[in-house]
Amino acid sequence: MNQEDDKGSSCSTGDLNLCPICLGPIVQDSYLDKCFHKFCYTCIVQWTKVVAGKLSRPLPSVKCPLCKTENFSIIHGYDGNSFQQHHINQDFEHSFVLTRGHKYRLQCYYSEPGVVSDIFNASRYWKSRKYLQPNRWLQSWLRREIQALMQEEDVDIIVHHILGVIDSFVSRNEPKSHVKIPETKGEELKALVSDAARPFLGARTDRFINEVELFLASGLNIEAYDAVYMQRLGWSFPGVTSEASEGALSGQTTVIPYLYIFDADSDGPD
Amino acid sequence: MQASRARLFKEYKEVQREKIADPDIQLVCDDSNIFKWTALIKGPSETPYEGGIFQLAFAVPEQYPLQPPQVRFLTKIFHPNVHFKTGEICLDILKNAWSPAWTLQSVCRAIIALMAHPEPDSPLNCDSGNLLRSGDIRGYQSMARMYTRLAAMPKKG
């Protein structure tokens with residue numbers, strides 16, 4: 001007569017939203033990536049540390065305390081759009097945690113494309129051949145973008161790879177050389193960057209190229225670009241821009257609207 | 001420390017609720033120390049332990065549930081995986097295969113299952129293990145039944 005009770009007692013957590021480790025309500029929902037069993041973030045991280053501590057070396061995976069499935073990462077911080085992933089083989093103390101700036105960029109990738117494409121005119125950017133002038137924020141911007149997308153801290157090699165592709169494209173297209181239709185130039189560069197980024201970004205590459213183009217076309221620095229982007233999305237995260245600049249934009253704190261129409265000689269007053 | 005206390009308290013409340021649900025296990029927390037528990041378990045039916053009531057002692061470490069509780073039989077038992085003198089239990093989930101999702105209650109269930117299904121290849125009681133390994137099921141059963149009568153059943157008269 002009490003079938004429901006029997007089911008409940010075979011597993012003390014039952015179907016309630018309780019953490020199987022602390023038996024309390026789950027704090028900071030965290031899922032294992034294979035079996036999707038749910039735990040408190042601190043509980044499952046602590047357990048992973050205990051398991052790794054027994055072997056005194058980093059583990060490639062951790063067995064689920066409930067079903068013993070081997071899992072390779074902990075998924076947490078899911079906010080409806082984006083999530084964070086902690087890989088078991090990483091050192092927890094030194095693992096990379098996304099800043100709010102990273103999170104906002106990651107969320108942008110879950111928004112509809114073209115949010116700011118009417119503000120920043122990409123075709124004018126190519127037509128005016130602005131791409132031949134170096135963008136001094138591009139490196140920091142690329143780093144944050146790729147860090148957010150890959151959830152990895154050390155992305156320097158990818159950033160340099162992409163910058164190298166852009167540089168060699170620019171040097172091949174010096175102002176004096178033959179003039180093609182500007183739009184095809186844009187497509188050419190986008191195809192090159194796309195090829196360079198695809199092995200790392202996979203399915204998100206196309207959107208990434210789109211975002212790179214918009215950032216370049218904006219001619220803005222990171223803070224100003226973020227402000228415009230978030231205003232358009234209707235997001236207001238107090239402190240996001242300042243935090244975003246913390247890591248990625250060290251040193252450059254002054255906000256100068258860097259609109260290409262006013263910009264004849266960018267290397268002037270340094 | 002705080003975490004283990006909080007969890008043990010939750011288990012305590014759960015035990016109060018489940019008492020009727022599982023008549024084979026009676027878990028009792030020490031009056032003054034939440035890290036000390038005792039359990040009374042019924043010997044499983046159709047085993048030489050049937051009819052016996054066995055007492056277990058739990059010592060819960062401060063790192064619980066990240067570390068397993070230490071459990072031993074207080075009641076003498078003749079079983080390949082239980083030390084005849086100390087009552088120590090050889091059970092993987094109490095050692096390497098421990099998972100924090102186990103509870104004191106579920107550990108009791110695992111021990112009841114072990115009583116019904118001994119593992120003679122990892123014996124703590126060699127006499128008992130050897131009887132089973134040599135195929136002398138009757139010998140093992142009659143020894144186990146005798147100790148169940150001697151130690152785990154109320155004395156008559």
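Restricting to the stretch B:61-74, and then to whatever is buried (at least 19 other Cβ atoms within 10 Å of the Cβ) and away from chain A (no Cβ under 14 Å), can you tell me which residue is farthest from the chain's Cα centre (by Cα)?
B:P69
Checking the condition over 20 Å from B:P100 (Cβ atoms) and of a type outside the set (F, W, Y), which residue from B:Q2, B:Q70, B:Q16 passes?
Just a single option satisfies the conditions, and that option is B:Q16.
Of everything in the stretch A:16-34, what is within 17 Å of A:T69 (Cβ to Cβ), assigned to a loop (DSSP other than H, G, I, E, B) and away from every other protein chain (no Cβ under 12 Å)? Give them in sequence order.
A:D33, A:K34
Among the listed residues A:D29, A:D33, identify the single one that is within 30 Å of the chain's Cα centre (by Cα), within 28 Å of B:R17 (Cβ to Cβ) and modelled with pLDDT of 80 or more.
Answer to the selection: A:D29.
Given the options B:I77, B:I111, B:I89, name the one that is more than 19 Å from B:E46 (Cβ to Cβ), touching a strand residue (DSSP E or B) at 6+ places or on another chain (Cβ under 8 Å) and surrounded by 19 or more Cβ atoms within 10 Å (Cβ to Cβ).
Unique residue meeting the criteria: B:I89.
Which condition number in (1) assigned to a loop (DSSP other than H, G, I, E, B); (2) in contact (Cβ under 8 Å) with a residue 40 or more places away in the chain; (3) within 13 Å of chain A (Cβ to nearest Cβ) is the one that B:C108 fails?
The number of the failed condition is (1).
Can you find a residue that is away from every other protein chain (no Cβ under 14 Å) and in contact with a Pro (Cβ under 6 Å, 6 or more places away or on another chain) anywhere in the stretch B:26-44?
no
For A:L132, indicate whether it is within 12 Å of the chain's Cα centre (by Cα) and at pLDDT below 80.
no
Need a quick list: helices (runs of 4 or more DSSP H) entirely within the stretch A:194-270 having at least 3 residues that are surrounded by 13 or more Cβ atoms within 10 Å (Cβ to Cβ) and at pLDDT 80 or above.
A:205-218, A:222-233
Residue check, B:A113 against (1) within 14 Å of another protein chain (Cβ to nearest Cβ); (2) in contact with a helix residue (DSSP H, G or I) (Cβ under 7 Å, 6 or more places away or on another chain), all met but one. Which one?
Just one mismatch for B:A113, condition (2).
For the stretch B:127-148, name all the residues that are in contact (Cβ under 8 Å) with a residue 24 or more places away in the chain and not β-branched (V, I, T).
Within the stretch B:127-148, B:D127, B:S128, B:G129, B:L132, B:Y140, B:Q141, B:S142, B:M143, B:A144, B:R145, B:M146, B:Y147 meet the criteria.
Which condition breaks for A:S171 when tested against (1) modelled with pLDDT under 80; (2) over 29 Å from A:T99 (Cα atoms)?
(1)
Taking the stretch A:53-78, which residues are under 27 Å from A:H102 (Cβ atoms) and within 12 Å of chain B (Cβ to nearest Cβ)?
The answer is A:V62, and nothing else.
Per-residue answers, yes or no, for (1) charged (D, E, K, R); (2) in contact with a Pro (Cβ under 8 Å, 6 or more places away or on another chain); (3) more than 19 Å from B:S142 (Cβ to Cβ):
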position: B:P65; (1), (2), (3): no, yes, yes
position: B:Q70; (1), (2), (3): no, yes, yes
position: B:P80; (1), (2), (3): no, yes, no
position: B:F84; (1), (2), (3): no, no, no
position: B:W98; (1), (2), (3): no, yes, yes
position: B:S106; (1), (2), (3): no, no, yes
position: B:P118; (1), (2), (3): no, yes, no
position: B:S128; (1), (2), (3): no, yes, no
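Could you please give the count of residues in the stretch B:38-64 that are in contact (Cβ under 8 Å) with a residue 60 or more places away in the chain and closer than 19 Å to B:V28 by Cβ?
Count: 8.
The values are calculated or read from the model by the stated rules, or taken from the named source; none is laboratory data. Bear in mind the structure is a predicted one, so any value in this text is a computation, not a measurement. Note: ideal-geometry Cβ built from the backbone for every residue, glycine included; neighbour counts use all protein chains shown.
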